[in-house]
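First up is the structure itself, then whatever we jot down about it.
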Amino acid sequence: MNLKQIVFIFYIILTMPFLQADESQALNENVQKILKLKEANDYDGMITLIKEEIKKGNLYAIYFDILGAAYDAKKEKEEAYLSYLKGYFYNPSLEYSRNNLVKKMNYIENRKEELEKESWLYKYFIVKKLFDDNNLDEADNKLTLLMSEGKNLDILCIINKDIRSLKGAPKESRAVISNLAAAESYFNKVIAEMGDNCPEYVFYEYGDLLFKSEKFSLAHGNFQKSVLKNKLRKDNKLKAGACLLYTKDFVEAKNIFLECVTKSPDYAEAHLYLGFSHWALKESDKALKAFSKVIELCQTSNTGFRDKARKAMEVVRKGDLFLTPNDMNKIMASKLPAKETKTEPAKPEVKKEEDANEKPAEQQ
């Protein structure tokens with residue numbers, strides 16, 4: 001990363017609307033420090049400064065980008081890749097993360113033959129390639145060996161979850177739940193071993209695993225930890241609210257969804273869940289208003305949310321009562337009447353920030 005790139009990137013982040021005045025000021029001060037360190041080719045100084053900011057909970061994707069670049073300049077490819085990867089884990093829905101961090105991770109991965117064959121990163125890439133090729137049994141075997149080394153366990157518990165989420169998927173659903181239980185025990189081990197140093201993305205991913213396992217109360221606790229540790233992640237609060245919806249704490253769930261839409265008025269998924277909570281509380285008019293907002297926001301994108309809102313509106317208008325979240329799932333999974341699907345041709349779904357993690361609305 002050269003000097004012009006650093007200036008340009010920080011210009012982008014300093015103009016982001018989510019930053020408060022004091023945060024912008026702090027970033028501006030760090031910009032000046034980093035520029036001076038870069039001019040002196042003091043990469044160790046850059047690494048120390050950025051790590052201190054990350055330790056404070058300032059999990060901006062740009063920090064991980066610069067951290068990775070500093071390691072890369074020192075020819076430390078493994079640390080560079082891990083910096084980009086962790087930045088992505090903290091901010092997976094950000095366009096910056098997808099366009100910059102993922103691109104740089106792919107660049108290193110595509111040159112894995114330049115790495116030492118016995119290095120942790122090379123073996124990690126082997127596991128990842130097996131997973132990407134859907135060779136799940138072999139990926140699982142290689143991952144078990146890599147886990148035994150006891151290094152970067154916070155990263156490995158996530159790919160372990162991903163592998164086990166797919167293993168046994170063609171079989172009966174209980175087989176998948178059993179696999180997830182095995183992944184769950186490893187998350188507990190990682191959290192216990194890392195203690196206060198356990199990063200936020202571990203709690204978030206563990207919450208996601210527990211949600212998929214229908215352990216909503218436990219999932220809620222992990223999403224709450226994610227909310228406390230990472231204020232930049234958009235959907236951790238939403239998922240905490242979804243857990244409350246499934247445990248029938250409808251009032252508190254509604255309050256959380258109201259917070260989400262107040263902070264992000266164009267957050268379609270939050271409006272969808274707000275509609276569910278209104279429906280559960282027999283506030284039909286408010287539910288219809290929330291579902292209408294989803295349809296308004298999703299005219300040309302996020303069509304999955306739009307269709308769910310339409311289906312929900314049909315049920316609410318019939319006067320049917322909200323019974324359980326599982327009944328909600330069945331309604332959301334049902335097909336629209338033919339006459340509705342014909343009025344507006346389906347458009348290719350465009351992935352945006354709010355539907356990057358669509359799971360809570362319909363169990364996969």
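Taking the conditions exactly as written (under 23 Å from F276 (Cβ atoms), without any contact (Cβ under 8 Å) to a residue 40 or more places away in the chain and outside the structural domain of I54 (by TED's automatic domain parsing)), does F216 satisfy them or not?
Taking the combined requirement at face value, the residue satisfies it.
For residues that are at pLDDT 90 or above and more than 17 Å from K112 (Cβ to Cβ), tally how many sit in the stretch 157-181.
Final tally of qualifying residues: 6.
Looking for something free of Cβ contacts under 8 Å to residues at least 40 places away in the same chain, touching a Gly at 6+ places or on another chain (Cβ under 9 Å) and under 25 Å from D72 (Cβ atoms) - is there at least one such residue anywhere in the stretch 85-98?
yes
Looking at the stretch 82-98, can you tell me whether even one residue there is farther than 17 Å from I34 by Cβ and in contact with a Ser or Thr (Cβ under 7 Å, 6 or more places away or on another chain)?
yes
Of the conditions (1) closer than 22 Å to D162 by Cβ; (2) not in a loop (DSSP other than H, G, I, E, B); (3) not assigned by TED's automatic domain parsing to the domain that holds Y206, G45 fails just one. Which one is it?
Evaluating G45 over (1) closer than 22 Å to D162 by Cβ; (2) not in a loop (DSSP other than H, G, I, E, B); (3) not assigned by TED's automatic domain parsing to the domain that holds Y206 leaves (1) as the failure.
Residue by residue through the stretch 229-277, note down the ones that are polar (S, T, N, Q) and not in a helix (DSSP H, G or I).
N230, T247, S264
Being buried (at least 19 other Cβ atoms within 10 Å of the Cβ) and without any contact (Cβ under 8 Å) to a residue 40 or more places away in the chain is the filter here, so list the residues in the stretch 187-203 that pass it.
Within the stretch 187-203, F187, V190, F203 meet the criteria.
Here are some residues: K289, K293. Which one is surrounded by fewer than 20 Cβ atoms within 10 Å (Cβ to Cβ), at pLDDT 95 or above and basic (K, R)?
K289 is the lone residue from the list that is surrounded by fewer than 20 Cβ atoms within 10 Å (Cβ to Cβ), at pLDDT 95 or above and basic (K, R).
Might you check whether a residue that is among the basic types (K, R), touching a Leu at 6+ places or on another chain (Cβ under 7 Å) and at pLDDT 95 or above occurs anywhere in the stretch 100-117?
no
Can you tell me which of Y267, Y246 is more than 18 Å from M313 (Cα to Cα) and touching a Pro at 6+ places or on another chain (Cβ under 7 Å)?
Unique residue meeting the criteria: Y246.
The values are calculated or read from the model by the stated rules, or taken from the named source; none is laboratory data. Remember, predicted model here, so these are calculated numbers, not experimental data. Glycine gets a Cβ as well: all are built from the backbone with ideal geometry, and neighbour counts include every protein chain shown.
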